[in-house]
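Worksheet: one structure, shown below.
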C-alpha cells in the first residue's frame, strides 16, 4: 500500500520547502485536475496520485518520448505528474477501497475529478469520507460543476450556443475574398 518512495524521485524534481510543506493531498484525478495537483506539489504539498491498474488514462496521451507510444513514455503524463508519488488501487475491489480509506485518513485534502456518483457508488463519496475524517477538504474538479436543482442546464446552454454560432457562421458568406493562386 505504500506510495512510491521519495528516494525514487530524484532530488532535483522534488519541490523544496514551500507554503504547503506538511500538507498531504490524495489525487484521484484525470487530465481535468492533474494541473491542480501539480501546482500543489510545486508549493510543497506531498501529493499522492491514485492510479487504477494499468495506470492513469493520461499515460496514453501523447506526445511520447522519442515518438515511441508507451504508458511510461507519455510526456503529457510526465509534465502534469512531476513531483507526485503514485499508488495503484483498484477501487472496484473491497480491499483496495479499505486501503484508499486508510490513505485518505492520513490526508488533508482529497483532489478528485471522477465521474459524478462514481465514488458514492463505492461508498467513498465526499460526505462519507468527511464523516470519517472531519478535517478532510474535498476538492472536486468538473468541466461544468456538479449539477444542482437545474441539472445540466449550464452545460447544455453552453453547448447549444456553440452549435448555434457554428451554424450561423457557416450560413453567411465569407468575409474573406478568394485570391487566385500564384505560382
Please specify each residue of segment 41-64 satisfying the condition of being surrounded by fewer than 18 Cβ atoms within 10 Å (Cβ to Cβ) and in contact (Cβ under 8 Å) with a residue 40 or more places away in the chain.
42
If I ask for residues that are crowded, with 19+ Cβ neighbours inside 10 Å and either at negative phi or assigned to a helix (DSSP H, G or I) (or both), which ones from segment 65-84 would you list?
74, 77, 80, 81, 84
In segment 21-40, residue surrounded by the most Cβ atoms within 10 Å (Cβ to Cβ) [restricted to those that are touching a helix residue (DSSP H, G or I) at 6+ places or on another chain (Cβ under 7 Å) and modelled with pLDDT under 95]:
29
Helices (runs of 4 or more DSSP H) (entirely within segment 107-183) containing at least 3 residues that are at pLDDT below 65
153-171
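The values are calculated or read from the model by the stated rules, or taken from the named source; none is laboratory data. Being a predicted model, the structure only gives us computed values, none of them experimental. Every residue, glycine among them, receives a Cβ derived from its backbone with ideal geometry; neighbour counts consider all protein chains shown.
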